[in-house]
Amino acid sequence: MAADLGADNQAFDEKHDVLKSTQTVIHKALEKLGYPEEVYELLKEPIRMLTVKIPVRMDDGSVKIFTGYRAQHNDAVGPTKGGIRFHPNVSEKEVKALSIWMTLKCGIVNLPYGGGKGGIICDPREMSFRELEALSRGYVRAISQIVGPTKDIPAPDVFTNSQIMAWMMDEYSRIDEFNSPGFITGKPLVLGGSHGRETATAKGVTICIREAAKKRGINLEGARVVVQGFGNAGSFLSKFMHDAGAKVIGISDAYGALYDPNGLDIDYLLDRRDSFGTVTKLFDNTISNKELLELDCDILVPAAIENQITEENAHNIRAQIVVEAANGPTTLEATQILTDRGILLVPDVLASAGGVTVSYFEWVQNNQGYYWTEEEIDEKLEKVLVQSFENVYNTSETRRVDMRLAAYMVGVRKSAEASRFRGWI
Ligand code: NAD
């Protein structure tokens, strides 16, 4: 249904294989850190990958069989953790890569987790509420043996939300015969969700933008910002940038993009977007996502999907700073081009780690049964992200590597060390 889901896109994704490029950087990072080849052999793929079939009775009476995955990358540090994605383009490779990225994120922000990730091949935009509930519950039944509050803790990702987390938590609690809020994060507040979880990814990206802007001497007040994607990450980020005095001159969704050199009315757009982050359909005067990425601006934030900045358009990017809110929006070739052109690229595994950080806070609150205020969450998140940004930036400076490789070096070390201490390698 969506404009992004054609056959062309699949061929393109095969060319820009996210798993292969992740493995390339992991390999380089481990080499730089001086680890032997067997560490790479262990960390290049998830230690566990489950493929499941989920039968769902659809509203028209037919039964549709959905395919889902759960990948657990490495559990040497602690339980694995990572979101569940509902999207027609979900693939085994993508879920594997996403689980590795989660290990890196948890390592960068120093959480006691390894990475995990799940996904179901489906288009929730074409499913009813009842069908979505049946699919969510069926998925939990199918993966229940390998997940749990001390084993693997899921969370929301693309096209999943707090309602889906609530159904999943309820299903797991029935199987476990125990109320298990710590099974999943990103829940509604009344079910043990955390203050600040919904906006956590965007807040983390905002902190990274602020820190990156300081390094480049850019004043956020009046800075021109372009955001690709107007879903959970992109819309809240646009709002935070707007509130910080920046001028959000471009935003987009899967169907097109909006541009106003004087700054868009973000509050109005937030009010009009639907729950899938679609808003441009309401306007006639749109530009394409391709044009959006190449707009003259100070800060560009890809906050939609993978492989958006490639060797084809990296030479045309006019931003001074690119901060990746989405997972994997820039290919390795494009990373090189942007770095060579002196553009500061803040990589996904650092920039979008705010979500998992507050997910961790949610899990801690569930375990201790004592809940923090939004101010307390914000303060803790701020501390973690500022420290993590500095850590990656300094590694990049002292080791003379780009920010992506620096982030991988910081992120992979904890799992490598934990695996070594456990005697696995
Ligand atoms: P979402 O489903 O809420 O929104 C996605 C947005 O991207 C929508 O506006 C959609 O229309 C748009 N989009 C989809 N295909 C597009 C295309 N081809 N071109 C342009 N726009 C397109 O998703 P989200 O939760 O905001 O996640 C966005 C990205 O951020 C993903 O890569 C996700 O993995 C990453 N991320 C999200 C979180 C989180 O907590 N939500 C955490 C870490 C990383």
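Every listed requirement among (1) within 11 Å of the ligand (Cβ to nearest atom); (2) among the hydrophobic types (A, V, I, L, M, F, W, C); (3) assigned to a helix (DSSP H, G or I); (4) closer than 16 Å to Gly82 by Cα is met by Val158 save one, (3).
Check whether at least one residue in region 86-101 is surrounded by fewer than 24 Cβ atoms within 10 Å (Cβ to Cβ), part of a helix (DSSP H, G or I) and small (Gly, Ala, Ser), and report yes or no. Within region 86-101, not a single residue is surrounded by fewer than 24 Cβ atoms within 10 Å (Cβ to Cβ), part of a helix (DSSP H, G or I) and small (Gly, Ala, Ser). Of all residues in region 200-222, those being buried (at least 24 other Cβ atoms within 10 Å of the Cβ) and touching a helix residue (DSSP H, G or I) at 6+ places or on another chain (Cβ under 6 Å) number 7. Each residue in region 249-260 was checked for being in contact with an Asp or Glu (Cβ under 9 Å, 6 or more places away or on another chain) and without any contact (Cβ under 8 Å) to a residue 24 or more places away in the chain, and 0 pass. I need every pair where a residue in region 267-291 that is at positive phi and in contact (Cβ under 8 Å) with a residue 12 or more places away in the chain has its Cβ under 7 Å from the Cβ of a residue that is part of a loop (DSSP other than H, G, I, E, B) and open to solvent by less than 70 Å² (accessible area, probe 1.4 Å), sequence separation at least 6 or different chains. Listed pairs, sorted by first residue: Gly277/Gly229; Gly277/Phe230; Gly277/Gly231. You will find that of Leu264, Leu269, the residue that is more than 13 Å from the ligand (Cβ to nearest atom), in contact with a strand residue (DSSP E or B) (Cβ under 9 Å, 6 or more places away or on another chain), at pLDDT 95 or above and more than 14 Å from Leu300 (Cα to Cα) is Leu264 and no other.
Please go through region 88-102 and pick out each residue that is closer than 21 Å to Pro124 by Cα and among the charged types (D, E, K, R). Spell out the reasoning first.
So in region 88-102, the residues closer than 21 Å to Pro124 by Cα come out as 88-95, 98.
Those that are closer than 21 Å to Pro124 by Cα and among the charged types (D, E, K, R): Glu92, Lys93, Glu94.
From the residues in region 55-76 that are of a type in the set (Asp, Glu) and touching a residue at least 24 places away in the same chain (Cβ under 8 Å), which one is surrounded by the most Cβ atoms within 10 Å (Cβ to Cβ)? This residue is Asp75. Any residue in region 368-385 that is open to solvent by 10 Å² or more (accessible area, probe 1.4 Å), under 30 Å from Gly193 (Cα atoms) and of a type in the set (Lys, Arg)? Scanning region 368-385 turns up at least one residue that is open to solvent by 10 Å² or more (accessible area, probe 1.4 Å), under 30 Å from Gly193 (Cα atoms) and of a type in the set (Lys, Arg).
How about region 392-424: which of its residues are over 20 Å from the mean Cα position of the chain (by Cα), of a type in the set (S, T, N, Q) and surrounded by 16 or more Cβ atoms within 10 Å (Cβ to Cβ)? Across region 392-424, the qualifying residues are Thr395, Ser396, Ser419. Leu220 falls short on exactly one of the conditions (1) farther than 16 Å from Ala202 by Cβ; (2) more than 14 Å from the ligand (Cβ to nearest atom); (3) part of a loop (DSSP other than H, G, I, E, B), and that condition is (1). The set of residues from region 161-196 being at pLDDT below 95 and assigned to a loop (DSSP other than H, G, I, E, B) comprises Asn161, Glu177, Phe178, Asn179, Ser180.
If you go through region 233-243 and keep only what is modelled with pLDDT of 95 or more and either more than 9 Å from the ligand (Cβ to nearest atom) or out of contact with any Asp or Glu (no Cβ under 8 Å at 6 or more places or on another chain) (or both), you end up with Gly234, Ser235, Leu237, Ser238, Lys239, Phe240, Met241, His242, Asp243.
The values are calculated or read from the model by the stated rules, or taken from the named source; none is laboratory data. Because the structure is a prediction, the values reported are computed rather than measured. Positions of Cβ are generated from backbone atoms using ideal geometry, with glycine treated the same way; all protein chains shown enter the neighbour counts. In case anyone asks, the SASA skips ligands and DNA or RNA and just uses the protein heavy atoms, side chains included. Shrake-Rupley method; radii C 1.70, N 1.55, O 1.52, S 1.80 Å.
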